[in-house]
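Visitor: Input: one structure, supplied below.
Please treat every number below as a calculation from the coordinates, not as lab data. Quick caveat, the model's predicted, so the values are computed rather than measured. Positions of Cβ are backbone-derived with ideal geometry, glycine not excepted, and every protein chain shown enters the neighbour counts.
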């Protein structure tokens, strides 16, 4: 068995409250009895009852069609702050969109020494096609973007479109690459994901450049460089 100890201050986190950040590329213990039965593989409850298991060990990743998800790799038990898990990926390993268990309290499981990652390497290897390349990962790792992200599509975030004579409009985009200019300034190359509701002369599928701007009052603000926001 693999033993992990969580900090005494650790509290359950729920996707409905914290969104995906605490789960992304992290392990988490999920009390399986709190998961709706129809979401589990049909034979799994009997197996878990037989093992007297209390939790499922999940790993957070972004599924290409389902969005933020957990890949469940093993079962486990709890003894106060100590969790024990089976040493290898179980044959019933399965994935679940985390929005379907948004109200379930999950405990983040630390793995600074990489023991869990090594033990479940075979299961995590199956997720490799879902992992982002270096350019996209820069956006996924950007915590400041979280308030602007789509609830179910982790790679989509909102950019403010401003143009004289039109109302301000937030438009969904996907980050492609972070560009650093010679002076050290930063712009983001992004793709528009949905058609703007107003005529900005920009359309879904177009590439734009986005200026990230930090405000003490509003936090991170994103502006489309192709438009005349500088006049405001």
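Visitor: Can you give me the distance in nm between label points at residue 189 and residue 11, each placed 7 Å from the Cα along the Cα-to-Cβ direction?
Guide: The answer from the label model is 4.3 nm.
Visitor: Please give the FRET efficiency for residue 153 paired with residue 122, using the beta carbon to beta carbon distance and R0 = 30 Å, rounded to the nearest 0.05.
Guide: In this case the efficiency is close to 0.60.
Visitor: Where does each of 1, 216 land when they are ranked from fewest to most other beta-carbon atoms within 10 angstrom?
Guide: Final ranking by Cβ density, sparse to dense: 216, 1.
Visitor: If I take every Cα pair under 8 Å that is 6 or more residues apart in segment 2-130, average their sequence separation and divide by the length, what percent do I get for the relative contact order?
Guide: It comes to 35 percent, rounded to a whole number.
Visitor: Here's a follow-up. Between segment 7-75 and segment 174-218, how far is it from one alpha carbon centroid to the other, in angstrom?
Guide: For segment 7-75 versus segment 174-218, the Cα centre distance is 34 Å.
Visitor: May I ask you to derive the FRET efficiency for residue 203 and residue 137 from their Cβ-Cβ distance with R0 = 30 Å, giving the value to the nearest 0.05?
Guide: 0.65
Visitor: Could you give the length gained by full extension between residue 49 and residue 81, i.e. 0.36 nm per residue of separation minus their alpha carbon distance, to one decimal place?
Guide: 9.4 nm
Visitor: If you take the beta carbon distance between residue 178 and residue 215 as r and set R0 to 22 Å, what does 1/(1 + (r/R0)^6) give as a FRET efficiency, to the nearest 0.05?
Guide: The value I calculate is 0.65.
Visitor: With log10 I(q)/I(0) by the Debye sum over Cα atoms at q = 0.09, 0.18 Å⁻¹ as the read-out, I listed (i) -0.40, -1.40; (ii) -0.45, -1.49; (iii) -0.47, -1.26; which label goes with the value calculated from this structure?
Guide: From the options (i) -0.40, -1.40; (ii) -0.45, -1.49; (iii) -0.47, -1.26, the structure gives (iii).
Visitor: Now for a separate question. For each of 107, 82, 98, count neighbouring Cβ atoms within 10 Å of the residue's Cβ, then give the residues from fewest to most.
Guide: 82, 107, 98
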